[in-house]
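Notes for the one structure printed next.
The values are calculated or read from the model by the stated rules, or taken from the named source; none is laboratory data. Just so we're clear, the structure is a prediction, and the values are computed from it rather than from any experiment. So basically every Cβ, Gly included, is an ideal-geometry build from the backbone, and we count neighbours across all protein chains shown.
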Amino acid sequence: MEESNQAGSAFRLYDSIPHGLFVLRPDFTVVFWNACIAGWTGIPADKARGMNILKEYPSLNTPSVISRITQLFEGGPAVLFSQMFHRHLIPCRLPNGALRVLKISCIPLDYAGEICALVVAEDITDLTSQVEAYRGMKNLTERQLDELKKVQESLFVANRKLNFLNSLIRHDILNQLTPLNISIDLARLDYHDPALIRVFDTVTRSSRNIQRQIEFTQVYQITGTRPAIWQNVAGTFLTAADSLNLRDIRLKTDLPDVEVFADPLLERVFLILLDNSLRHGEKISTIRCSGTRCNDGFLLVYRDDGVGVPADAKEKIFRREFFKYTGFGLFLAQEILGITNITIRENGIPGKGAQFEIIVPPDMYRLVTRE
Amino acid sequence: MTKEIDVETLDAIRELVNIGVGKAAGQLNQMTGSHIRLQIPLVSLVRFSEIAKSESQLLSDKELSAVLLEFRGTFSGITAVVFPSASAASLVMLLTGEKEKSPELDAMRVEALKEVGNIIINSVMGSIANVLGERLTYSVPVYNEGRFLTMTKLQRQDAENEWVLLARTNFLIELLSIEGDILLILEVGSLDRLVESIRRASHA
């Protein structure tokens, strides 16, 4: 009794610690049992003192546990028992009846002339639940990602087949147009009636429109066939400019080291803009490309100092049916950018030059920091 | 640079580490029900400052997971068990029987790895202390991640002059072999005292 009182006063400080704590002698009897572990186990401290822990908790009475704690009693280092290998070494229930998940450390402690073990039991039930929930979410995400990949692969296969079919049909239509055009041309040689010539002209115009539209489907078909990738804006713009004869037009870029997530045809977008400046700008001396962060993400500005776009055509130039005047280029540029939700608009001042603003959403651009 | 140490002493050290590792394998098998074999193919002695140039490729890796234990006594230093972080998660999963496609070392698996390291270190240190009849005092083991030199150099002013006893371990579980290192980093002067203890014990 006297010894237990001594132990009680020696370890009283441990009563205020919010972990289960008890002290074991080398014969596995309890010397001290703190208030927390008493609460968790329902065994009061006065009953626990002198109790053999191996008899009370058979889960501890296994060779793998005993041999390791014995090492400690023989002067060895602290012993750790993780929840992954020993989920309920000392079964303690929560108020809802579920078992607490405990992490247990046995630390050597000199007491009354012998090496004892200070056993610390930390309740990590909440942490364990959180980690398990996180793992569940991670596994679910991985499964969904796998499924998405499968769907993506099958879509690519289906797309490839459709493209193949489209190219066959396109080829067949163009093959039909050739004899049609030749027949009309031959007929023009034999028939000179003005009424018939008007009919020939209408047929020829329609035939050329069909041919042009078919050729456009060939270009449009390749957009979105390859997955979007991160591309350096300045590099892509300069590559596009290099492939054109810009004559004596000055090229100025003021771009940070920025990458955008876009269809691999991004270079073609710049080609279209440059070609548009060359064809319709009339008096261009300078083309500028600049960029900066904005509220909507990243703002990329392409500007020339040509005649600009008339106010009533600013929106129309992006429409497919406007191809008669601008070609399908700007419609195609809009479609290529739209694959990754990038938008384009023209807002230059007519007479002072064209200005195309390309807005890249926040998750579709990244500023590059190089080490 | 390798210290001049006679073959018998190095053999004795290898034997001590082997006893400890054998015991650790037994305890791990008993605890997990797995068939783990721990092999010690190499034991060498290198200067701490030259550890990155040692035969252990592992120690020059960037991402390591280590369990470390400080000890003091006749000879003092740190014992560490080190794994590449990428395979540490696989090791824990094999031991716990979990099945996951891309394992990562989350908080629960870190605790399990700490226990694995604790078993190995305790067995090795127990074997050394028991055979040599030395009483050592130990800190509580800690877990660390990162570069080995950074995690061990911390608060060690004379680390450059310390000796490291390096034992390469292979964990052979099922069809997998996971490499780890067991290191005894001995404070200045401790190697001589360890060697002295070994010679004394072998003569006795």
- prompt: Do we find a residue being away from chain B (no Cβ under 14 Å), within 28 Å of B:Leu28 (Cβ to Cβ), surrounded by fewer than 16 Cβ atoms within 10 Å (Cβ to Cβ) and not polar (S, T, N, Q) anywhere in the stretch A:18-27?
  reply: yes
message: For A:Val157, only one of the following conditions fails: (1) surrounded by 13 or more Cβ atoms within 10 Å (Cβ to Cβ); (2) away from chain B (no Cβ under 13 Å). What is its number?
response: (1)
- request: Answer with yes or no whether A:Cys92 is in contact with a helix residue (DSSP H, G or I) (Cβ under 8 Å, 6 or more places away or on another chain), more than 7 Å from chain B (Cβ to nearest Cβ), over 22 Å from B:Leu95 (Cβ atoms) and surrounded by 18 or more Cβ atoms within 10 Å (Cβ to Cβ).
  value: yes
- request: Give the stretch B:82-93 a look and list any residue that's more than 8 Å from chain A (Cβ to nearest Cβ) and under 20 Å from the mean Cα position of the chain (by Cα), or say none.
  value: B:Val82, B:Phe83, B:Pro84, B:Ser85, B:Ala86, B:Ser87, B:Ala88, B:Ala89, B:Ser90, B:Leu91
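Quick one: in the stretch A:120-134, which of the residues that are under 20 Å from A:Ala78 (Cα atoms) and within 11 Å of chain B (Cβ to nearest Cβ) is surrounded by the fewest Cβ atoms within 10 Å (Cβ to Cβ)?
A:Glu122
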message: Condition first: over 12 Å from A:Gln83 (Cα atoms) and without any contact (Cβ under 8 Å) to a residue 40 or more places away in the chain. Now tell me which residues in the stretch A:108-128 satisfy that.
response: A:Pro108, A:Asp110, A:Gly113, A:Asp126
message: What's the number of the only condition in (1) without any contact (Cβ under 8 Å) to a residue 24 or more places away in the chain; (2) over 17 Å from A:His86 (Cβ atoms); (3) at the interface with chain A (Cβ under 7 Å from one of its Cβ atoms) that B:Ala107 fails to meet?
response: (2)
query: Assuming A:Cys36 fulfils every condition listed in (1) away from chain B (no Cβ under 14 Å); (2) surrounded by fewer than 18 Cβ atoms within 10 Å (Cβ to Cβ); (3) under 47 Å from the mean Cα position of the chain (by Cα) apart from one, which condition is it?
result: (2)
- prompt: Failed condition for A:Tyr111, given (1) at the interface with chain B (Cβ under 8 Å from one of its Cβ atoms); (2) farther than 16 Å from A:Leu127 by Cα, with all others met?
  reply: (1)
query: Looking at (1) more than 8 Å from chain A (Cβ to nearest Cβ); (2) more than 17 Å from the chain's Cα centre (by Cα); (3) modelled with pLDDT under 85, can you tell me which one B:Gln57 breaks?
result: (2)
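Take the stretch B:102-121 and flag every residue that is charged (D, E, K, R) and either out of contact with any Leu (no Cβ under 7 Å at 6 or more places or on another chain) or not in a helix (DSSP H, G or I) (or both).
Once the filter is applied, which keeps residues that are charged (D, E, K, R) and either out of contact with any Leu (no Cβ under 7 Å at 6 or more places or on another chain) or not in a helix (DSSP H, G or I) (or both), the stretch B:102-121 yields B:Glu104, B:Asp106, B:Arg109, B:Glu111.
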- prompt: If the Cβ limit is 8 Å and pairs must be 6+ apart or interchain, which residue in the stretch A:144-167 that is over 27 Å from B:Lys101 (Cβ atoms) pairs with which residue that is part of a helix (DSSP H, G or I)?
  reply: A:Asn163/A:Gln221; A:Asn166/A:Thr217; A:Asn166/A:Gln221; A:Ser167/A:Gln218; A:Ser167/A:Gln221
- prompt: Are any of the residues in the stretch A:62-78 within 23 Å of A:Thr125 (Cα to Cα), more than 10 Å from chain B (Cβ to nearest Cβ) and surrounded by 18 or more Cβ atoms within 10 Å (Cβ to Cβ)?
  reply: no
- prompt: How many residues does the stretch B:122-137 hold that are at the interface with chain A (Cβ under 7 Å from one of its Cβ atoms) and in a helix (DSSP H, G or I)?
  reply: 4
task: Residue by residue through the stretch A:64-109, note down the ones that are part of a strand (DSSP E or B) and charged (D, E, K, R).
output: A:Arg93, A:Lys103
- prompt: When only residues in the stretch A:194-232 that are free of Cβ contacts under 8 Å to residues at least 40 places away in the same chain and touching a Lys or Arg at 6+ places or on another chain (Cβ under 8 Å) count, which is farthest from A:Ile336 (Cα to Cα)?
  reply: A:Ile197
Tally of residues being modelled with pLDDT under 85 and away from chain A (no Cβ under 13 Å) across the stretch B:12-35: 1
query: Which of (1) more than 8 Å from chain B (Cβ to nearest Cβ); (2) more than 25 Å from B:Phe71 (Cβ to Cβ) does A:Ala117 not meet, given it meets every other one?
result: (2)
- request: Pull up the stretch B:71-81, narrow it to residues that are crowded, with 19+ Cβ neighbours inside 10 Å and within 11 Å of chain A (Cβ to nearest Cβ), then point me to the one that is farthest from the chain's Cα centre (by Cα).
  value: B:Phe71
